[in-house]
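Read-outs: derived from the displayed coordinates by stated rules, not from any lab. All values reported here derive from a predicted model rather than from experimental measurement. No Cβ is skipped: glycine too gets one built from the backbone with ideal geometry, and neighbour counts run over all protein chains shown.
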Amino acid sequence: MNHLPQVRVVGLTWGHLSLDLLALPPQDIILAADVFFEPEDFEDILTTVYFLMQKNPKVQLWSTYQVRSADWSLEALIYKWDMKCVHIPLVSFDADKEAIAESALPGRHTVEMLVISFAKDSL
């Protein structure tokens, strides 16, 4: 419907190199929906993204992240993998923040938009 060229879909296992991952051409943007759910997966995700950044140092990972606990931070891992993270305020999407991050779950559930890329010194 959007007149996109043929899009190749590849199943990945975060943190594992596969023939499909190795065969991917350099990417410009990696879209990741709700991948930062379990803290034990965070490093595997960033390891895979780091591998893709080696192919194209200007690639960006665009993802959302629901803050569930102060103990579940990406900050140390982003620093470890020589990346940087920019938080995009939900209000910049010209929509009601509560409508975007709506949740029927009890308690406070903050959703953030993240753009992760190589740290400037890496380029």
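Could you derive backbone 3J(HN,Hα) for segment 45-57 from the dihedral phi with the Karplus parameters 6.51, -1.76 and 1.60 (θ = phi - 60°), listing whole Hz in sequence and x where the residue is Gly or Pro?
Computed from phi, the couplings for segment 45-57 are 5, 5, 5, 5, 5, 4, 4, 5, 5, 5, 6, 9, x Hz.
Going by C-beta contacts inside 10 Å, put Ser117, Ser73, Ser92 in order with the fewest on the left.
Ser92, Ser73, Ser117
Using amide H atoms built in the peptide plane, which far-off residues or other-chain residues are under 5 Å from Ile30 H to H?
Result for Ile30 returns Gln60, Leu61, Trp62.
Taking H as built 1.01 Å from N, whose amide H comes closer than 5 Å to the amide H of Phe118, not counting residues under 5 places away?
Lys84
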